[in-house]
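Here is the structure we will look at, set down as structure tokens.
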Amino acid sequence: MSTGMAGTPGLPAARIRDRREAEAWLITERANLIATVLDALTQSDSTARLAVRLTELLQWYLYPYARARELWTLGEAVVRTARRLGDREGEAWALHNLSAVYWLHRQFDRMRQCLEAALVMWRETGDREGERRSLHNLADALTEMQPYEESVALQTRQLDLAREAGDVTAQVTGLGDLGRAYRGLGRFGDALTCFEESFQHARKIGDSSLQSFALHEISALCFEQGRNQVAHEYLERAGILGGGHLTTYVSWRGHAWSAFFPACLSLRIGPDILEGDVLRDNPQYREPEDFVGDLDRLPLAPPPQPAAMMRILPTELHAVRAFVADQAKRCGLSADALHNLLVAVTEVATNAIRHGDAPVTLRTWPDDGLICEITDSGNWQPEEFISWQPPESAVDSGFGLWGVGMLCDTVQVRTGSNGTTVRLRSA
């Protein structure tokens, strides 16, 4: 990509050569862009209409970085302006964007209210793509809230619209979401049919990431049915275990902030706190790298005496997974949590075998879920704590550890002259 204004009278030459430069420019100019849009919303009707449309584009930049305050401020301002202008499409977009703030804060009831209001407007204006998009997000919210029958009905409707429009990518993701709703109902046969159909569509369009998405969901079904060996075969096909990295899995999560932001809020370290209808500054906010860095310097409490233990041998990772699965069942870990934990333990154990020194040891014990601790005798000195945000590339050191952070509730890393310890917790 190459854009710029070279040769335009009165304007300096400027070129953005690739995505990284574009993101750097947006980061630098974000505050100016938002201030300009907010000002434009108060200007003449023609200018305000343009500003309403610009916020639709800004949404795609602000959400992946979990810029909740900007999303909130713009959404509220655009709703008011769109209502003043009688712009039903603009109001629907603004409500849809506001729902993203509630998603980040896990306030699914309020997310539902926004999306249901947006759906009314999409239908009034005959915008079937807008209707499909909001149906998809609303069904996701319902799946989180667990009224699965409603979610199935909405996902079925949005799939009908995707097929009508010939949008195969929307069909792939919609079938995956429908399968998860069926899985919540215990309708494993219907769920499997959805995931298999999703995989076939993804293969037709040649999207390897979406193919892995479907295979990952099939593996989760197999874990729930106790078919662990088959589940691992699907995981290996998905490329999650095969290459020792979690590249496909984490790519579905979007930018690291999308997954990290809810944790920030629960720890009261997020920059914004939503209380009722007010989004206010959090006076206890700290930058995540500072917060995580401090945590990383605290010593770990020693494992309890009754902790279960086994040695990890390079040729026996299957035995490690069986050992963890057995321990997880004893403490009542859910099928989904167990599935993610097995992937995470395999990644960490593989890294310890490849890059550490023997012996490599696994210990497990119950503690608000299950804790798995992998220790080796190597001396690893990372330049910085690397699990809270992804490296630039899947081939970079630390990508697997970041992926592990997306899979577990807690990841703690300690390293020094006596070896490296990675402690994982899933609940």
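Between amide H atoms placed 1.01 Å from N, distances below 5 Å from TRP365 occur with ILE371, all of them 5 or more places distant or on a separate chain. Packing, as the average of other Cβ atoms within 10 Å across residues, places the peptides 359-366, 95-102 in the order 95-102, 359-366, highest first.
The simple spin-label model puts a point 7 Å past each Cα toward its Cβ; for GLN113 and GLU233 those points are separated by 5.0 nm. Computed extension gain for ILE16 through HIS318, at 0.36 nm per residue and net of the alpha carbon distance, reaches 103.9 nm. In region 53-160, the alpha-carbon atoms span a convex hull of 88 Å³ per residue. Per-residue SASA remark: GLU124, around 110 Å² accessible (1.4 Å probe; ligands, DNA and RNA not included). Stretching GLN225 away from THR410 to a fully extended chain increases their span by 64.0 nm, per 0.36 nm per residue minus the current alpha-carbon distance. Placing +1 on each Lys and Arg Cβ and -1 on each Asp and Glu Cβ, with no other charges, gives region 115-173 a dipole about its Cα centre of roughly 140 debye. Ligands, DNA and RNA excluded, the heavy atoms of TRP25 present near 120 Å² of accessible surface to a 1.4 Å solvent probe. Counting Lys +1, Arg +1, Asp -1, Glu -1, what net charge surrounds ALA328 among other residues with beta carbon under 15 Å of its beta carbon? Residues near ALA328 contribute -2 overall.
Along region 92-97 the Karplus relation, 6.51 cos²θ - 1.76 cosθ + 1.60 evaluated at θ = phi - 60°, assigns HN-Hα couplings of 4, 4, 5, 5, 4, 5 Hz to successive residues, with x for each Gly and Pro.
Between the beta carbons of ALA358 and GLN305, assuming R0 = 25 Å, the FRET efficiency works out to 0.55 to the nearest 0.05.
The values are calculated or read from the model by the stated rules, or taken from the named source; none is laboratory data. Here the structure is a predicted model, which is why all the values come from computation and not from measurement. Quick reminder, even Gly has a Cβ in these numbers, built from the backbone with ideal geometry, and neighbours come from all protein chains shown. Protein only, heavy atoms only, side chains kept; ligands, DNA and RNA dropped before computing areas. Shrake-Rupley method; radii C 1.70, N 1.55, O 1.52, S 1.80 Å.
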